[in-house]
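S.K.: Let me begin by handing over the structure; questions about it come next.
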Amino acid sequence: MSTENINLKAQTRQSGKHFSRALRREQKIPAVIYGPKVENMDIWVSEIELTKYNKQKFENTIFVLESDDKKLNALKVLKKDVDIHPVSRRPTHVDFYALDMTKEVRVEVELRFEGKSIGIKEGGLLNITRRTIEVECLPTAIPAFFELDITNLALGDSIHASDVQAPEGVKIITLPTETLCTIVAAQEEVAATPVAAAADAAAPAAGAPAATAAAPAAGAAPAAAKKDEKK
């Protein structure tokens, strides 16, 4: 289970583009907190800390806020959404969900595919169609990940959401019929490119008169001539 709690420093802030830009220049990331038992609050967190914890293994970590503000201090939150600048790749905004530890939440949990399947040994490929699965449970019962053994999968075999074994107290929300991975046959290399195939079609057969070969080539010529920032 993902029971680790991590302390995260946070302070309240003023809303507005001007204040948000000023914070980012100081390596402070604007954020918002929302949840069923709190009023929406504008805060900021350290860019260094946020970058450190903006990784898959911390996706469902419960953060305990440290703040001079009594409304914020000791509040337990989940990181729900982080906006990333498309060029600098630095975080620009983050949403936190304030938890009610007695109420169930819905989260996406990582899937890990382990083993080398029979089908891969026969030349097939593992086609992963989902890397997370949605579950519902208490915050203290969120799994760190689900490990799926693909060893016995042959060519054409699949794993579906219904095959995932969830621990007690964890309900899988993803549709049972949803495919998570499949062992597929590797596509055969194309024997000839379109250009090569056209050239072969235009070439005369051995011993054929040149005039006979000219007609397809001439007929091929016309065909060849025929693509807002969060506050």
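S.K.: For segment 35-177, state what percent of all Cα-Cα pairs lands in each successive 10 Å bin, counting from 0 Å until the bin that includes the largest distance.
M.R.: Histogram of Cα-Cα distances, whole percents per bin: 10, 32, 29, 19, 8, 2, 0.
S.K.: Here is a further query. Suppose each label sits 7 Å from its Cα in the direction of the beta carbon; what would the E147-Q11 distance come out to in nanometres?
M.R.: It works out to 4.4 nm between the two label points.
S.K.: Which FRET efficiency value, to the nearest 0.05, is calculated for S46 and E178 with the Förster distance at 45 angstrom and r the Cβ-Cβ distance?
M.R.: Efficiency for this residue pair is about 0.75.
S.K.: Hey, rough spin-label estimate for D163 and K121, points 7 angstrom out along Cα→Cβ, what's it come to in nanometres?
M.R.: 1.7
S.K.: Report relative contact order for segment 1-138 in percent, whole number only (criteria: Cα-Cα under 8 Å, sequence separation at least 6).
M.R.: 22
S.K.: Could you tell me, in Å, what Rg and Dmax come out for the Cα atoms of segment 30-113?
M.R.: Gyration radius and largest Cα-Cα distance of segment 30-113: 13.3, 43 Å.
S.K.: Compute the length gained on full extension between H85 and Q56: take 0.36 nm times their separation in residues and subtract their Cα-Cα distance, giving the result in nm to one decimal.
M.R.: Answer, rounded to one decimal: 8.6 nm.
Throughout, read-outs are computed from the coordinates displayed, never taken from laboratory work. Here the structure is a predicted model, which means the values were calculated and not measured. Positions of Cβ are generated from backbone atoms using ideal geometry, with glycine treated the same way; all protein chains shown enter the neighbour counts.
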